[in-house]
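Report on one structure; see the data block that follows.
The values are calculated or read from the model by the stated rules, or taken from the named source; none is laboratory data. Remember, it's a predicted structure, so these values are computed and weren't measured experimentally. So basically every Cβ, Gly included, is an ideal-geometry build from the backbone, and we count neighbours across all protein chains shown. Quick note on the areas: whole protein, heavy atoms, side chains included, nothing else; ligands and nucleic acids left out. Shrake-Rupley method; radii C 1.70, N 1.55, O 1.52, S 1.80 Å.
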Amino acid sequence: MLESLEKLAADPILGLTAAYNQDNNPDKIDLGAGVYKDADGNTPIFAAVKQAERLWHDEENTKAYIAQVGFEDFNSRIINHIFGRTHPAVEDKRLCSIMAPGGSGALRIGAEMLNRCRPGTTLWVSDPTWGNHIPLLGSTGLNIRSYPYYDADSHGLRFDAMMNTLKQATKNDIVLFHGCCHNPTGVDLSREQWDSVAELAKKQGFLPFIDTAYHGLGTGLDEDVYGLRLLAESVDEMVIVYSCSKNFGLYRERIGAVIVMGASTEITEAGTSHITNIARQMYSLPPAHGGALVKTILQNPELYTSWKQELDEMRERINGLRSLFADTLAEKNAPSDFSFIKNQYGMFSFLGISKEQIQRLRDEYSIYLVGSSRINIAGISPKNIDYLTDAVISVL
Ligand code: LMR
């Protein structure tokens with residue numbers, strides 16, 4: 001039977017990591033997958049995570065299954081962490097979180113639940129969006145359509161075009177937004193733009209589906225969820241997907257959450273029951289370890305302070321790298337202006353170079369970036385900045 005299968009090409013993002021690892025060039029640079037790196041190119045474990053592991057090692061006294069929704073104290077704490085304790089949806093008990101295998105697992109079970117509500121209903125995604133959104137969400141049966149987002153000429157947001165298109169989204173539609181640090185463009189909505197989106201969502205009645213994978217890596221923990229919190233005050237129903245891969249550095253532990261917000265506690269509970277039922281059909285139960293670490297950090301003030309400090313440093317370092325890259329290219333008289341990179345947020349930006357130039361960077365300089373020209377800013381460092389900027393200028 002298996003002989004009928006043809007071998008597929010490597011994943012456009014994850015395949016880059018494999019190719020980079022096999023490259024023997026000592027000057028190689030990995031600007032591919034969205035993984036944070038320090039100045040030496042390592043992905044460190046947060047000190048708070050290490051300490052939480054020690055504490056959990058002592059505290060854990062069984063390996064029996066955890067509940068279908070995961071750890072209750074992970075779920076309650078992640079809701080407070082995202083929304084704050086006094087958000088009306090928290091006070092009204094209209095939010096329920098389910099632990100999931102990473103943000104991707106959360107996206108999938110959330111989307112499956114939405115597809116159960118109205119099979120084949122339309123899900124609007126930004127153009128462009130994360131390379132795996134359409135394969136992952138489209139394979140649930142949802143009908144994917146796109147709304148304008150990125151303007152390649154100005155390197156900014158096509159806000160008017162986006163709003164005009166979203167006027168077509170009705171109460172039977174779902175609209176996917178990136179909570180912050182838009183992947184792949186780094187272009188985020190301003191507060192005023194979120195205000196307009198919230199008004200439109202209320203008027204049109206579409207269901208916001210918010211993917212939050214970079215909380216704290218844009219402008220700050222509260223600032224990065226401005227739009228999410230506002231939308232949750234403006235509409236009756238929403239689904240939020242949260243990843244702890246990047247902001248807790250727990251990539252391989254696969255820990256995320258899907259949070260359902262219904263018009264009432266009963267509706268939220270019904271939605272949650274479908275999500276656990278879907279998870280049961282797909283993989284049964286969530287993994288425990290990552291959730292145990294996150295809840296340990298969120299419930300321990302000392303660990304929380306340490307975690308937040310490290311996260312703040314990561315964010316500031318990424319912003320510093322944005323300036324370093326753009327300013328170094330300018331100092332070297334690069335033929336194009338890259339100052340727009342300083343106005344964007346999170347791990348990613350588009351370089352805006354051609355497929356041929358991307359291939360030359362890889363073939364001639366062992367510099368790996370996604371085929372859309374997305375670069376992971378965290379892969380830049382003071383050690384590789386000269387090699388990188390010389391290479392970019394040489395292919396321009
Ligand atoms: C990325 O966009 O690079 C990350 O989210 C990793 C992935 O799974 O694609």
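If I filter region 1-12 down to residues being farther than 14 Å from Arg362 by Cβ and in a loop (DSSP other than H, G, I, E, B), which single residue comes out as farthest from the ligand (Cβ to nearest atom)? Give the derivation first.
Taking region 1-12 as the starting set, the residues that turn out to be farther than 14 Å from Arg362 by Cβ are 1-9, 11.
Filter once more, keeping what is in a loop (DSSP other than H, G, I, E, B): 1, 5-9, 11.
On the way: Met1: 29, Leu5: 23, Glu6: 23, Lys7: 21, Leu8: 16, Ala9: 15, Asp11: 8 Å.
This residue is Met1.
Looking only at region 96-109, count how many residues are in a helix (DSSP H, G or I) and either within 16 Å of the ligand (Cβ to nearest atom) or touching a Cys at 6+ places or on another chain (Cβ under 6 Å) (or both).
As a first pass, look at region 96-109 and keep what is in a helix (DSSP H, G or I): 102-109.
When the remaining residues are screened for being either within 16 Å of the ligand (Cβ to nearest atom) or touching a Cys at 6+ places or on another chain (Cβ under 6 Å) (or both), the result is 102-108.
So the count comes out to 7.
Looking at this structure, is Phe46 in contact with a strand residue (DSSP E or B) (Cβ under 9 Å, 6 or more places away or on another chain) and away from the ligand (no atom under 16 Å from the Cβ)? Lay out the reasoning, then the answer.
Details: in contact with a strand residue (DSSP E or B) (Cβ under 9 Å, 6 or more places away or on another chain): no; away from the ligand (no atom under 16 Å from the Cβ): yes.
For Phe46, the condition - in contact with a strand residue (DSSP E or B) (Cβ under 9 Å, 6 or more places away or on another chain) and away from the ligand (no atom under 16 Å from the Cβ) - is not met.
Does region 324-350 hold any residues that are of a type in the set (Ser, Thr, Tyr) and farther than 16 Å from Val392 by Cβ, and which are they?
To start, the set of residues in region 324-350 that are of a type in the set (Ser, Thr, Tyr) comprises 328, 336, 339, 345, 349.
The answer is Tyr345, and nothing else.
For His289, which of the numbered conditions (1) more than 18 Å from Glu53 (Cβ to Cβ); (2) surrounded by fewer than 16 Cβ atoms within 10 Å (Cβ to Cβ) fails to hold?
(1)
Against the definition (open to solvent by 20 Å² or more (accessible area, probe 1.4 Å), more than 16 Å from the ligand (Cβ to nearest atom) and assigned by TED's automatic domain parsing to the domain that holds Ile255), how does Asn80 come out, yes or no? Spell out the reasoning first.
On the way: open to solvent by 20 Å² or more (accessible area, probe 1.4 Å): yes; more than 16 Å from the ligand (Cβ to nearest atom): yes; assigned by TED's automatic domain parsing to the domain that holds Ile255: yes.
Criteria met by Asn80.
Please work out which one of (1) within 21 Å of the chain's Cα centre (by Cα); (2) farther than 21 Å from Thr17 by Cβ is the condition Ile385 fails and give its number.
The failed condition is (1).
Which of the residues spanning region 328-371 are within 16 Å of the ligand (Cβ to nearest atom) and touching a Ser or Thr at 6+ places or on another chain (Cβ under 9 Å)?
Within region 328-371, Gln344, Tyr345, Phe348, Ser349, Phe350, Leu351, Ile358, Tyr368 qualify.
Determine which single condition Ile318 fails, assuming it passes every other condition in (1) surrounded by fewer than 17 Cβ atoms within 10 Å (Cβ to Cβ); (2) within 16 Å of the ligand (Cβ to nearest atom).
Tallying (1) surrounded by fewer than 17 Cβ atoms within 10 Å (Cβ to Cβ); (2) within 16 Å of the ligand (Cβ to nearest atom), Ile318 fails exactly one: (1).
Counting only residues that are touching a strand residue (DSSP E or B) at 6+ places or on another chain (Cβ under 9 Å), within 16 Å of the ligand (Cβ to nearest atom), open to solvent by 30 Å² or more (accessible area, probe 1.4 Å) and more than 14 Å from His182 (Cα to Cα), how many does region 129-158 have?
1
Could you tell me how many of the residues in region 13-52 are open to solvent by 50 Å² or more (accessible area, probe 1.4 Å), in contact with a helix residue (DSSP H, G or I) (Cβ under 9 Å, 6 or more places away or on another chain) and part of a helix (DSSP H, G or I)?
Total meeting the criteria: 2.
Going residue by residue through region 383-392, is there one that turns out to be within 14 Å of the ligand (Cβ to nearest atom) and aromatic (Phe, Trp, Tyr)?
Our first condition is that a residue be within 14 Å of the ligand (Cβ to nearest atom); within region 383-392, this holds for none.
Scanning region 383-392 turns up no residue that is within 14 Å of the ligand (Cβ to nearest atom) and aromatic (Phe, Trp, Tyr).
How many residues are of a type in the set (Ser, Thr, Tyr) and under 22 Å from the mean Cα position of the chain (by Cα) when one looks only at region 297-317?
In the first step, residues of region 297-317 are kept if they are of a type in the set (Ser, Thr, Tyr); the result is 304-306.
Filter once more, so that each one left must be under 22 Å from the mean Cα position of the chain (by Cα): 304.
Number of matching residues: 1.
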